[in-house]
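Peer 1: The structure that follows is given in the form of C-alpha cells.
The values are calculated or read from the model by the stated rules, or taken from the named source; none is laboratory data. Model, not experiment: these values are computed from the prediction. Reconstructed Cβ throughout: ideal geometry from the backbone, glycine too, with neighbour counts over all protein chains shown.
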Amino acid sequence: MTRRRTLGVLITLASGALRAQTGDARAITLDEAVRLAQQNAPQAVQARNAVRTGGAALRTARFAYAPTLNVTANTAKQGGETFFQGQLVPFRGDPWSYSKGVTSQLELFDGGRRWFNLKSANANLDAADASETLQRYQVALSVKQQYFAALAAREAQAAAAAQFAQADAQFKVAAARVKAGAATISDSLRSEITVGNARLAALNAQNDLRNANAALTRLVASTTTVTAIAGDTAEIAGIALDDAALAALVEQGPSVRSAAAAFAAARAGRKAAIAPYMPTMNLSYSLNGNAASQRFDPTGRPFAAQNATRVTLNFPLFNGFQREETYTRTSVAEQNAEAQFRDAKLLALQQLTQFLGAFRTAEQRVLIQQASIASALEDVRVQQRRYELGAATILEIAVSQATLNSARAGLISARFDARVAKAQIEALVGRDLK
C-alpha cells in the first residue's frame, strides 16, 4: 500500500506540473492557425512580395512601348580672368548663363524584343502567383501537421488516462488478493510496474503536446503559446472526389502551374534573344534653350531656342558572338524548364498516388483499430474478472492490457496519418477538400 500511495502522489504531482506548463496555452481553431501562419510565415511573405515584384516588372515591360521624356535645366555663373590676344584680361561677358531643354525618345522597331519581354514578364508573374499559392498551401500543410500532432498528443493523453485507470484498478485488485493470501507479492509488484508505465505514457504524451504547441506557436507567429482545440479530435472527413477528378485538379495544381509558367517565361526569353539580330530604329526629339545675363534672372531673359528631330537606324553586324552566347543560354534555359515542367506533372501524379493511398490505408486502419480496441476492452474485462475469480494469472491480464494499449496507440497513429495525408493532397491540388 505504501508503494501504491507513493505512485499516486507522484502521478498527481506530475500531472499538476504538466497542467501548469500548458494551462496558459490559448486554444485556436485549425482555420485560425492556418490563416495566421499564411499571414506571418516568412516563406508566405516572400511569395507575396515576389508577386509584387512580378507586377512591377510587368508594368515596366508594358511601358517600354511608351516614349521617354526628360526635362533639364541648368544655371551657371562665370567670372575671373581670360586670355585675349595673349594678354590676361578680366572676364567681360555675361556672368550668368542659363539653359533648359526637353528631350523625348521612342523606339520604333526593336526586332520583337519588347514584345517577347512583355510575354516573359507575364509568364513570370503567373509563375510568382502560382508559387504564392503553392507556398500558402505548403504553410498550411506545415501548420496542419503540427496541429494534428497536438491533437494526437491529446488523444494519447486520454489513452494514457484510461490506461492508468485500468492499471490502478488492477493494482487494487492485486493488492487485495495479496492481502487475502490468494496471490503472491509478484502480482502486486507487476501491477505497480503497469501503473508506472501508464504514468510514463502520460508524461510522453504531455511532452509531445508541449513540443507540438511550441512548433505551432512559431508557425502562427504568436507571442503567446497556442494549442489545438480538443474538440477538433472529431472523425476524419473523407474525400468526395474520385481519382480522375483529383488527377485533373493535380494537373492544374500550384506546383504544376508554377513549372508551366516558368517554362513559358523561358520560351519567351529564348525568342527575345533573337531580337539583337534585327536592326533597331529610334525616333527622338529635343527642344533646348539658352540665355545669358549680368545678374541672376533665370526667368526674365528670352531664351534662344533650338529643336531637332532625329531618326536613328542601328544594325549591329558583329558583336563578338555575344548574341550567339545569349541565344545559347536562353535555349538551354528553355530546355531545362521544359524538362522540369514535364517532371513536375509526373511528380504531382506520383505524389497523388502516394498520398491518396496513404489516406485510404489510414482510413481502413482507423476502422480496424477501433474494432481492435472494442475487442481488447472486452478481453481485458474478461481477464480481470477471471483474475478476480482466481482463474487467470496477472501475466494474462498484462498481455491483454498491452494489446489494448497497442490498439489505442495504433488508432491515434492512424488518425494522425489520415489527417496528414489529406492535408498533403490539399497542398498538392491547391484547394481544401471538405
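Peer 1: Condition (residue is under 30 Å from Gln306 (Cβ atoms) and either in contact (Cβ under 8 Å) with a residue 60 or more places away in the chain or buried (at least 19 other Cβ atoms within 10 Å of the Cβ) (or both)) applied to the stretch 118-137: is it met by at least one residue?
Peer 2: Within the stretch 118-137, none of the residues are under 30 Å from Gln306 (Cβ atoms) and either in contact (Cβ under 8 Å) with a residue 60 or more places away in the chain or buried (at least 19 other Cβ atoms within 10 Å of the Cβ) (or both).
Peer 1: Looking at the stretch 215-226, is at least one residue crowded, with 22+ Cβ neighbours inside 10 Å, of a type outside the set (Ser, Thr, Tyr) and out of contact with any Leu (no Cβ under 9 Å at 6 or more places or on another chain)?
Peer 2: yes
Peer 1: Mind counting the residues in the stretch 11-55 that are in a helix (DSSP H, G or I) and modelled with pLDDT under 90?
Peer 2: 14
Peer 1: Can you pull out the residues in the stretch 199-232 that are of a type in the set (S, T, N, Q) and not in a helix (DSSP H, G or I)?
Peer 2: Ser222, Thr223, Thr224, Thr225, Thr227
Peer 1: When the stretch 147-191 is examined, which residues are found to be touching a Lys or Arg at 6+ places or on another chain (Cβ under 6 Å) and either among the charged types (D, E, K, R) or not in a helix (DSSP H, G or I) (or both)?
Peer 2: Selection gives Ala183 alone.
Peer 1: Next up: Just one of Pro90, Pro95 is without any contact (Cβ under 8 Å) to a residue 60 or more places away in the chain and touching a strand residue (DSSP E or B) at 6+ places or on another chain (Cβ under 6 Å); which is it?
Peer 2: Only one candidate qualifies: Pro90.
Peer 1: Shifting gears a bit: Being of a type in the set (D, E, K, R) and closer than 25 Å to Leu411 by Cβ is the filter; apply it to the stretch 141-197 and report the residue that is surrounded by the most Cβ atoms within 10 Å (Cβ to Cβ).
Peer 2: The extreme case among them is Lys144.
Peer 1: For the stretch 381-434, which positions are within 48 Å of the chain's Cα centre (by Cα) and part of a loop (DSSP other than H, G, I, E, B)?
Peer 2: Across the stretch 381-434, the qualifying residues are Gly430, Arg431, Asp432, Leu433, Lys434.
Peer 1: Give Ala273, Ala291, Ala266 a once-over and let me know the one that is surrounded by 16 or more Cβ atoms within 10 Å (Cβ to Cβ), touching a residue at least 24 places away in the same chain (Cβ under 8 Å) and closer than 29 Å to Ser99 by Cα.
Peer 2: Ala291
Peer 1: Can you tell me which residue in the stretch 370-427 is surrounded by the most Cβ atoms within 10 Å (Cβ to Cβ), limited to those that are over 30 Å from Gln138 (Cα atoms) and touching a Leu at 6+ places or on another chain (Cβ under 7 Å)?
Peer 2: Result: Leu404.
Peer 1: Let me ask another. Residue check: is Gly101 at positive phi and of a type outside the set (A, V, I, L, M, F, W, C)?
Peer 2: Judged against the criteria, Gly101 is not a match.
Peer 1: Residue under question is Arg365, and the condition is that it be under 30 Å from Ala409 (Cα atoms) and either small (Gly, Ala, Ser) or free of Cβ contacts under 8 Å to residues at least 12 places away in the same chain (or both); does it hold?
Peer 2: No.
Peer 1: So Trp96 passes all but one of these: (1) closer than 30 Å to Val429 by Cα; (2) crowded, with 18+ Cβ neighbours inside 10 Å. Which condition number does it fail?
Peer 2: Status for Trp96: all satisfied but (1).
Peer 1: Moving to a separate point now. Only one residue in Ala230, Ala237 is surrounded by fewer than 16 Cβ atoms within 10 Å (Cβ to Cβ), closer than 16 Å to Gln146 by Cα and touching a residue at least 24 places away in the same chain (Cβ under 8 Å), so which one is that?
Peer 2: Ala230
Peer 1: Anything in the stretch 178-195 that is in contact with an Asp or Glu (Cβ under 9 Å, 6 or more places away or on another chain) and without any contact (Cβ under 8 Å) to a residue 60 or more places away in the chain? List them, or say none.
Peer 2: Val178
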